[in-house]
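Down below is the structure, laid out as structure tokens.
Just so you know, all these numbers are worked out from the coordinates, no wet-lab data involved. Note that this is a predicted model, so its numbers are computed, not measured. Ideal geometry is used to build each Cβ from the backbone, glycine not excepted, and the neighbour counts take in all protein chains shown.
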Amino acid sequence: MSTAEKTFSKGLEGVIAAQTEMSFINGTEGILEYVGIAIGDLASKSSFEETVFLLWNKRLPTQSELEAFTKDLRSHYSLCDAMKTRITSCPIEAEPMHVIRTMISSMAMDDSSPNENSVEAAREKSMRILAKTPAIVAAFDRHRRGLEAIDGDPSLSFAANFLYMLNGEKPTDAMIRAFDICMITHADHGLNNSTFAARVVISTLSDVYSSITAAVGSLRGPLHGGANEGVMKMLNQIPSVDAAEDHVMNMIKNKERIMGFGHRVYKSKDPRASELMTLAKQLAEDTGNIEFYDKSNAIEQVMEREYAAKGIYPNVDFYSATTYHCIGLKLDLFTPMFVLARIAGWAGHVIEQLEDNRLFRPTTDYVGPHDAPYVSIDDR
Ligand code: ACO
């Protein structure tokens, strides 16, 4: 490509950097599909396990395929002793996202062939990372509460098992379904920043663990998956529903970003936000948390009035905050929930990249000086 043909797009906006068969996004009309199936249909009819199969195989499973896939996933629910020791060696003040990133990285040391990059090996490693990360999150949270880790229960679904390992008791069906829907809606989303990070790393033929570790690091940023914690902090700062408007208007006046709003691709309401809004309302009513939902709704109305013309609407993080709060999760476990789900997407993209790899190596537009003199240190 000649220099004249090269274009610079800050933040790579609008640049197509990969092909995928996993998710389709139409940001103008607010459409999200996984392998052609609308996210709303998957949220209401599918399970997280079936959704992961769909993303990794580009088709829905038969009954027996789903059973085999689920059995395989459940066989990896528990952690080895070395991992449990590493988790209990973490300082209890550590942020869960730092612990998760470190523990996923450390999983390479429990693997006898961590650098094996065949598509088949990548699928097996992905299955283990997907199955074990909930146990890592639950074990660390219990460790900081002074409690023993609980081994996974292979009779439980992904969603039920996580809540069981975290709380030590079987969750209600309503909680399981709500959590499952959160997992489905967060599973994949095109070439978002963390997925791009995962693809960039695996494109060097590094290894699956390095790739997913990089993605976790990316996701925790407040402009990406970390925004759900920012939303909850904002909701906690607003004393009542009536105070929501003044609070948001003050933030706007101070040129602060309102977390949970805006998206690089969606210029209409994120369809995942619509799904989670319904879920958050129901859960908030059931758990006596309706004020959080009402505050969120009041913020959305102010933002609609002030920002809709700029194409800034609620994104997936906005109503997931209230949803996770109603499920009883601590604030610093909100972004880790995004990790649990998005491993499905990251792994699927790693597999796609390995199937047709080419090293990512974009270029820079050099804007510095040329022919500059080297001035000796005594003369500077
Ligand atoms: N609140 C207030 N203003 C906003 C917001 C917001 N949430 N989002 C964008 N804007 C404004 C910017 O200030 C900027 O205004 P200007 O043109 O007057 O300077 C304009 O919209 C464009 O902003 P950019 O940051 O250039 O747009 P980008 O496409 O990079 O935005 C982003 C995407 C980073 C997500 C942004 O909307 C944002 O910061 N949102 C808040 C954080 C958030 O919720 N992140 C989660 C995104 S979803 C996800 O990753 C899972």
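Of note:
- Backbone HN-Hα couplings from phi across the stretch 332-345 [Karplus 6.51/-1.76/1.60, Hz, Gly and Pro as x]: 7, 9, 5, 5, x, 5, 4, 4, 3, 6, 6, 4, 4, x
- Ranked for footprinting exposure by Cβ neighbours inside 10 Å, fewest first, Cys326, Cys80, Cys182, Cys90 give Cys80, Cys90, Cys326, Cys182.
- Two-site FRET efficiency, Glu291 against Thr172, from Cβ-Cβ distance with R₀ of 22 Å, rounded to 0.05: 0.55
- Calculated FRET value between Ser376 and Arg257, using beta carbons and R₀ = 45 Å, to 0.05: 0.45
- Computed over the chain with a Gaussian network model linking Cα atoms closer than 10 Å, the most mobile of Lys281, Lys255, Lys125 is Lys255.
- Taking each residue as 0.36 nm, the span from Thr62 to Val119 lengthens on full extension beyond its C-alpha to C-alpha distance by 18.3 nm.
- Once the Cα-Cα distance is subtracted from the 0.36 nm per residue extended length, the Phe360 to Ser75 segment shows a gain of 99.1 nm.
- Counting every alpha-carbon pair across the stretch 179-280, the share separated by more than 22 Å comes to 43%.
- Residue among Arg142, Arg101, Arg358 with the largest mean-square fluctuation in a Gaussian network model of the chain, springs linking Cα atoms under 10 Å: Arg358
- The length gained by stretching the chain between Asp246 and Ser112 to full extension, at 0.36 nm per residue less their Cα-Cα distance, is 42.5 nm.
- Relative contact order for the chain: 23 percent, from Cα pairs under 8 Å spaced at least 6 residues apart, divided by residue count.
- Residue pairs, from the table Lys267/Lys295; Lys132/Lys310; Lys45/Lys233; Lys125/Lys233, whose Cα atoms sit over 30 Å apart: Lys132/Lys310; Lys45/Lys233; Lys125/Lys233
- Test item: Cα-centred dipole of the chain, Lys/Arg +1 and Asp/Glu -1 on Cβ, debye: 360 debye
- For the chain, the mean residue ellipticity at 222 nm estimated from helices alone is -17500 deg cm²/dmol, where every DSSP H run of n ≥ 4 contributes -39500 (n - 2.57) and the total is divided by all residues, rounded to the nearest 500.
- Cut-off under 5 Å, modelled amide H: who pairs with Ser23 long-range: Val35, Gly190
- Each residue of the stretch 107-123 was assigned a 3J(HN,Hα) from its phi angle through the Karplus curve 6.51 cos²θ - 1.76 cosθ + 1.60 (θ = phi - 60°); the sequence is 4, 4, 6, 8, 9, 6, 9, x, 9, 5, 10, 5, 4, 4, 5, 5, 5 Hz, with glycine and proline shown as x.
- Förster-model FRET efficiency, 41 Å R0, Ser155 and Asn236, C-beta, rounded to 0.05: 0.65
- Candidates Pro239, Leu276, His263 compared by Cα position along the dipole of the stretch 227-327: farthest toward the positive end lies His263, with charges placed on Cβ.
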